[in-house]
Amino acid sequence: MDLYTIIFYIFALITLGAACIVVFSRNIVRAAFALLFAFFGVAGIYVFLLADFIAITQLLIYVGGILVLILFGVMLTSHQIHVDAKTGTVQTLPAVMIVAALAGTLIGIFWSTNWNVNPQLEIMDKTAPQIGELLLTKYLLPFEIASVVLLVALIGAAMIARREKKPKD
Amino acid sequence: MQEFINWLQHPGLTHFLILSGLLFSLGLFAILSRRNAIMVLMGIELMLNAANINFVAFSRYVTATLDGHIVAVFVIILAAAEAAILLAIVLNIYQNFNTVNVDEINQLKD
């Protein structure tokens, strides 16, 4: 067992363990902080897949942006942190059955399929320049549409969130 | 058994796929069973991450091009937009209903 394998399993354990805490923890603040480690572990998995640009993007956007948004949401929607921070679950048994069936199916498919793994893999180093080139040539239209979508989401989120509460009389 | 240990010792495409499958299932469990809308959002983010791992893994092991990376970038962009919109909606719901439990929000108009 070489170092590569050991570090892969460490990152996989970090990801899955943190995801388990996110899903099963009763305390929503703890779940939000466990999500940080889950995103971090996924970034490490991207490094293993030689996706350096995706890994950095994951750290910047997920850990730096989305997680902060989620924490804002947690803090703004709990009455008092020590009373209402606990959240319940509903329909646990059907959910467990559905999820167990899905996980078994997925793992069975992944395990039994004979994937067409490319035998001669060139090592991709420095993916960022090639990604930039692809974004401005082959994927130019989705790139522009994504920028418009982000603008619309920005304006829409600000519009929805700052609506004043009507006084109830 | 020896074959399985040998498989465990050489991480390849299947390892990443099974990892993403487990992550996807955990996210789906959060969506199905949690009451708090923000926990549902966390489950969605876990599922998007699982899908991204699949894209990048196939890009690394099967196609050896960067198309999967591009898709992953777009998924991350849309996840950011989606998180912002959902947070705005949740804050608005909290102002109107004084709760964010998805099973108690059952009125379109008060």
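The values are calculated or read from the model by the stated rules, or taken from the named source; none is laboratory data. A quick note: this is a predicted structure, and the numbers were derived from the prediction, not measured. Every residue, glycine as well, gets a Cβ built from its backbone with ideal geometry; the counts of neighbours run over all protein chains shown.
Can you find, within region B:85-108, the residue that is surrounded by the fewest Cβ atoms within 10 Å (Cβ to Cβ) among those that are in a helix (DSSP H, G or I) and among the aliphatic types (A, V, I, L, M)?
B:Ile89
Determine, yes or no, whether A:Leu106 is surrounded by 10 or more Cβ atoms within 10 Å (Cβ to Cβ), of a type in the set (A, V, I, L, M, F, W, C), over 27 Å from A:Ile66 (Cα atoms) and modelled with pLDDT under 90. Before the answer, list the steps.
Details: surrounded by 10 or more Cβ atoms within 10 Å (Cβ to Cβ): yes; of a type in the set (A, V, I, L, M, F, W, C): yes; over 27 Å from A:Ile66 (Cα atoms): yes; modelled with pLDDT under 90: no.
When the stated conditions are applied, A:Leu106 does not pass them.
List every residue pair whose Cβ atoms sit under 8 Å apart, with the two residues 6 or more apart in sequence or on different chains, where the first one lies in region A:129-158 and is without any contact (Cβ under 8 Å) to a residue 12 or more places away in the chain and the second, anywhere, is of a type in the set (Phe, Trp, Tyr) and assigned to a helix (DSSP H, G or I).
Taking only residues 6 or more apart or on different chains, the pairs are A:Leu135/A:Phe143; A:Leu136/A:Phe143; A:Pro142/B:Phe74; A:Ala146/B:Phe74.
So that you can scan it fast, the table gives a plain yes or no per residue for (1) facing chain A (nearest Cβ under 7 Å); (2) in a loop (DSSP other than H, G, I, E, B); (3) free of Cβ contacts under 8 Å to residues at least 40 places away in the same chain; (4) under 13 Å from the mean Cα position of the chain (by Cα):
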position	(1), (2), (3), (4)
B:Thr14	yes, no, yes, no
B:Leu22	yes, no, yes, yes
B:Leu28	yes, no, yes, yes
B:Asn49	yes, no, yes, yes
B:Asn52	no, no, yes, yes
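Find the residue count for region B:54-79, including only residues that are surrounded by fewer than 21 Cβ atoms within 10 Å (Cβ to Cβ), polar (S, T, N, Q) and at the interface with chain A (Cβ under 8 Å from one of its Cβ atoms).
Total meeting the criteria: 1.
Filter region B:30-47 down to residues that are over 17 Å from A:Gly17 (Cα atoms) and facing chain A (nearest Cβ under 7 Å), then give me how many there are.
Summing the residues that are over 17 Å from A:Gly17 (Cα atoms) and facing chain A (nearest Cβ under 7 Å) in region B:30-47 gives 7.
Kindly check whether there is at least one residue in region A:30-45 that is in a helix (DSSP H, G or I), assigned by TED's automatic domain parsing to the domain that holds A:Gly73 and surrounded by fewer than 16 Cβ atoms within 10 Å (Cβ to Cβ).
Of all residues in region A:30-45, those in a helix (DSSP H, G or I) come to A:30-45.
With the extra rule that they be assigned by TED's automatic domain parsing to the domain that holds A:Gly73, the set shrinks to A:30-45.
If we keep only those that are surrounded by fewer than 16 Cβ atoms within 10 Å (Cβ to Cβ) as well, we get A:30.
There is at least one residue in region A:30-45 that is in a helix (DSSP H, G or I), assigned by TED's automatic domain parsing to the domain that holds A:Gly73 and surrounded by fewer than 16 Cβ atoms within 10 Å (Cβ to Cβ).
For residues in region A:73-103 being at pLDDT 75 or above and of a type in the set (S, T, N, Q), which is surrounded by the most Cβ atoms within 10 Å (Cβ to Cβ)?
Kept after step one, since they are at pLDDT 75 or above, are these residues of region A:73-103: A:73-77, A:90-103.
Filter once more, keeping what is of a type in the set (S, T, N, Q): A:77, A:91-92.
Working: A:Thr77: 21, A:Gln91: 12, A:Thr92: 13.
Among those residues, the one meeting the criterion is A:Thr77.
So how many residues does region A:16-51 have that are at pLDDT below 90 and under 27 Å from B:Leu66 (Cα atoms)?
4
Scan region A:1-24 and report the pairs whose first residue is assigned by TED's automatic domain parsing to the domain that holds A:Leu35 and whose second residue is surrounded by fewer than 16 Cβ atoms within 10 Å (Cβ to Cβ), with Cβ atoms within less than 6 Å and a gap of 6+ or a chain change.
So the pair list comes out as A:Met1/B:Gln9; A:Thr5/B:Gln9.
What's the number of the only condition in (1) in a helix (DSSP H, G or I); (2) facing another protein chain (nearest Cβ under 7 Å); (3) of a type in the set (D, E, K, R) that B:Glu82 fails to meet?
Tallying (1) in a helix (DSSP H, G or I); (2) facing another protein chain (nearest Cβ under 7 Å); (3) of a type in the set (D, E, K, R), B:Glu82 fails exactly one: (2).
Please state which one of B:Ala64, B:Ala80 is on the phi > 0 side of the Ramachandran plot and of a type in the set (A, V, I, L, M). Give the derivation first.
Working: B:Ala80 fails: on the phi > 0 side of the Ramachandran plot.
The unique qualifying residue is B:Ala64.
Looking for whichever is within 10 Å of chain B (Cβ to nearest Cβ) and touching a Pro at 6+ places or on another chain (Cβ under 6 Å) here; the options are A:Phe53, A:Phe39, A:Phe24, A:Phe8. Which one fits?
A:Phe8
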